[in-house]
1. Against the conditions (1) modelled with pLDDT under 95; (2) crowded, with 17+ Cβ neighbours inside 10 Å, where does Pro502 fall short? Just the number, please.
2. Cβ-Cβ under 6 Å, sequence separation 6+ or interchain: first residue in segment 108-125 and touching a residue at least 12 places away in the same chain (Cβ under 8 Å), partner of a type in the set (Phe, Trp, Tyr). Which pairs?
3. Quick one: count up the residues across segment 217-263 that are over 26 Å from Val175 (Cβ atoms), assigned to a strand (DSSP E or B) and modelled with pLDDT under 95.
4. Looking at (1) among the small types (Gly, Ala, Ser); (2) more than 28 Å from the chain's Cα centre (by Cα); (3) at pLDDT 90 or above, which one does Ala514 not meet, given that it meets all the others?
5. When you go through Leu287, Leu344, Leu395 one by one, which is the residue that is closer than 24 Å to Leu445 by Cα and either touching a Leu at 6+ places or on another chain (Cβ under 6 Å) or at pLDDT below 95 (or both)?
6. Go through the residues of segment 75-90 one by one and say whether even a single one is out of contact with any helix residue (DSSP H, G or I) (no Cβ under 7 Å at 6 or more places or on another chain) and without any contact (Cβ under 8 Å) to a residue 12 or more places away in the chain.
7. Test Asp190 against the criterion of being charged (D, E, K, R) and within 25 Å of Arg118 (Cα to Cα), and give yes or no.
8. Restricting to segment 457-472, what's the tally of residues that are part of a helix (DSSP H, G or I) and either touching a Lys or Arg at 6+ places or on another chain (Cβ under 6 Å) or within 13 Å of Pro397 (Cα to Cα) (or both)?
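The values are calculated or read from the model by the stated rules, or taken from the named source; none is laboratory data. Model, not experiment: these values are computed from the prediction. Virtual Cβ from ideal backbone geometry, glycine too; neighbours counted across all protein chains shown.
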Amino acid sequence: MALQLDIGQLTTAGIKPLNEDAVGHTSLDSELYTASKGAVFLLADGVSSCEAGQEASRQAVMEFQRDYLITPDTWSVEHAGRKALTSLNLRLYKRSHEFTQQEKGYLCTFTGLILKSRTAHFFHLGDSRLYRLREGELQQLTKDHVATLGGGRRMLARALGMDSVIQIDYGQSPVIENDIFLLTSDGIHDFLNAEQLTSLLILARNDELSAHDLADLMVDRALRAGSDDNISVILVRVLSLPDSTLEDYSGELNRLPFPPDLEPGMVLDGYEVIRELFASSRSQLYLVKDQSSGDQLVMKTPSRNFEEDMNYIDRFIQEEWIGKRISSPHVVRVVTQTTKRTALYYLMEYVEGESLDTWMDHHRFPKPKLAIQLVKQIAQGLRALHEHDTVHQDLKPANIMVMPSGNIKLVDFGSVYVAGVAEVFRPLEQEGALGTACYSDPQYLLGHNSGRRGDLYSLATITYEIFTGELPYGEQINECRSAFDYDRLRYRSASQFNPVIPLWFDRALEKGVAIDPEQRYLTIDQFLKDLLHLNPDFLRNDPRLGDDRSPVLFWQILSGFWVLILLLVITLFSCQGGAA
């Protein structure tokens, strides 16, 4: 037997002009449903006092479902749900604070039910509710997060987007056949009491109404009772359950063995090993062929040195989840596997080409147009990560692939940091990773998380090397061990290695690789703007132009520069005319 459900859902604005509620679920016959993830049912109620309540509720339903369903199969429902919710909450919170002047808040309640095998899991914030009817008895499984004020007034104490850190209610309970689960917004349960809800649900239990028809009837009864709010309801009746629980299966996934060292010709879960692409003390990459489709893919396996290290295993599993969340032509695509895994690994698309460090060895002083195109694509890949509150932390030429077409892809998630997933920041280890230290933000190596500015430092360093073939602080940066060591470093002008680099371009690079994060650019876009367009401030404030930094002197110097260029062009044409 398999899980069989009777599902009904409905959301309506009621008597209000705008519906700020949102509902959603994965039906058992949809492509989104998998037995390892369970059936997902979500209800969110936008906070009506905020201008963006409707957007918040819709975003919550859509993005939670997306993020939860792509979490690794090895994660428990609780772990996966909390990861998805904390990340979602931070995105809503940041959007709210982008509009502090307009008081536009992205806040909503959230109640989620996940039926997996013979267990019901639920996540909850706010005053929407989850009930369960079992053998004629109704039980409210969630607790309203409200605070009572003077005069009988009430206000939400918890909601998605309310704070950068949230406390999520999580619970689970066994499921039996004929259980009925009910998710409601306050437009229902503030106007229909427990006795009324019970009498309605019994109609479905006795097969007098389908879940769909009962949802319609429940909304009608709430309106008749004077409901003046948006009205949303999800009904789930359990018709049958799987013969056996998935607990043993989940346990097996969490204890997946590390694969052995693979050799060409070996087959693992239907993937034939063609050759080894890369190996280190932490992981291996293999080029494999899917025997069912013939597609070539890259298989990443963990190093057996860490078989007993649970933190390492969790981080390896998280790499796959992070890759599935990012969708960009400039970030390698993590492939969703359709067959059951018998070992711990994950799959990525195969990117043909060469790493950027190899490319630079073959293209010293590339044409500026080509070099800038590479830099812009690297920046676009970083933007895709940053849009999901993900910081790369270890961007370096070895992690960037240049394809024959000239396009690039970022290909490694091994050191990424995801904000909002209850994860402790881990500084990069410098020992044994001196090549990485050349490009990583010194703040990481000193134990500080500089966030997006750290990725910007790496981008600026790589840009400097593409144009010069050198590093902005030379090889000395590999020897730095303390803040004092970094203070002794001095920026080396890019123009001393490549004379065609203009002063303003050099100044943009210098600002991008500043040791002090406060002296760097705030965003990638600001950095690119100064690379692509002359910033007069870099010339006006340059000490080589003298102590008088008045605008008049600046424009006199700039005008004289262009007059000199014009005279050179006239002379050139005159010489050509005389030769003719």
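1. Unmet for Pro502, out of (1) modelled with pLDDT under 95; (2) crowded, with 17+ Cβ neighbours inside 10 Å: (2).
2. Every condition considered, the pairs that remain are Gly112/Phe123; Leu113/Phe41; Leu113/Phe122; Leu113/Phe181; Phe123/Tyr170; Leu125/Phe110.
3. Qualifying residue count, segment 217-263: 0.
4. (2)
5. Values: Leu287 fails: closer than 24 Å to Leu445 by Cα; Leu344 fails: closer than 24 Å to Leu445 by Cα.
So the residue among Leu287, Leu344, Leu395 that is closer than 24 Å to Leu445 by Cα and either touching a Leu at 6+ places or on another chain (Cβ under 6 Å) or at pLDDT below 95 (or both) is Leu395.
6. The answer is yes; a qualifying residue exists.
7. no
8. Count: 9.
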